[in-house]
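Comments concern the structure below.
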Amino acid sequence: MIKLRGRVIVAGRVEGEALVSPQPLSFYGGVNPETGVVVEKGHMLQGVKVSGKILVFPYGKGSTVGSYVLYAMAKYGTAPKAILNREAEPIVVIGCILAKIPLADRFNLDPVENLKTGDRVRLWEDGRVEAWKP
């Protein structure tokens, strides 16, 4: 089992499957809010659905409209269960606050390097993360 501890930005207790990308992600133009599928051309997650996953990526990028895309995803039921970042930036922070998506960053171990797609991940309200192979 891998254990991490990070800074809580939006508290929540969730468990789910990790979806990990070492590439930053833009929600505006990069993710279809109605389907939850990454549509950014050339992104390693292009064609992959983020809905219901613990989405792990280094940081967000792109337009501030990305915050509202996260909010729309929550309304459509296509949002990730939680987001774990190396360093959360304002677009993702505001989007997660609006959408009530648990968000944590600044971990003692890099989540992008230590978590793998398919790992089972549990995020606690205090920023603890436990991950294991299913």
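Numerical summary
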| quantity | calculated |
| --- | --- |
| Restricting segment 96-132 to GluC sites (Glu not before Pro) in coil, as DSSP defines it, with at most 15 other Cβ within 10 Å | E125 |
| Dipole magnitude of the chain about its Cα centre (Cβ charges: Lys, Arg +1; Asp, Glu -1), debye to nearest 20 | 200 |
| Length released on extending from E113 to E125, taking residue separation times 0.36 nm less the Cα-Cα span | 2.1 nm |
| For q = 0.10 Å⁻¹, Debye-computed log10 I/I(0) when each Cα of segment 2-132 counts as one equal scatterer | -0.24 |
| Under Karplus coefficients 6.51, -1.76 and 1.60, residue-wise ³J(HN,Hα) of segment 59-68 in Hz, glycine/proline x | 6, x, 8, x, 5, 5, 4, x, 4, 6 |
| Nonlocal amide H pairs with I9, under 5 Å, H built at 1.01 Å | L103, A104, D105 |
| GluC sites (Glu not before Pro) lying in DSSP loop within segment 1-92, provided at most 12 other Cβ fall within 10 Å | E34, E87 |
| FRET efficiency estimate (nearest 0.05) - Cβ-Cβ, V65 to E17, R0 22 angstrom | 0.20 |
| Relative contact order (%) - criterion: Cα under 8 Å, at least six apart; region: the chain | 38 |
| Dipole of the chain, positive end: most advanced residue of A11, G95, V112 [Cβ charges, Cα centre] | A11 |
| In Hz, Karplus ³J(HN,Hα) per residue of segment 101-112 (6.51, -1.76, 1.60; θ = phi - 60°; x = Gly, Pro) | 9, x, 9, 9, 8, 6, 7, 5, 10, 5, x, 5 |
| Trypsin sites (Lys or Arg not before Pro) within segment 54-134, DSSP loop, no more than 16 other Cβ atoms inside 10 Å | K100, R106, K116 |
| Kirkwood estimate for segment 74-133, i.e. one over the average of 1/r between Cα atoms, Å | 12.4 |
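Rule-based calculations on the coordinates, nothing more; no lab input. The structure displayed is predicted, hence computed values, not measured ones. Using ideal geometry, Cβ is built from the backbone for each residue, glycine included, and neighbour counts are taken over all protein chains shown.
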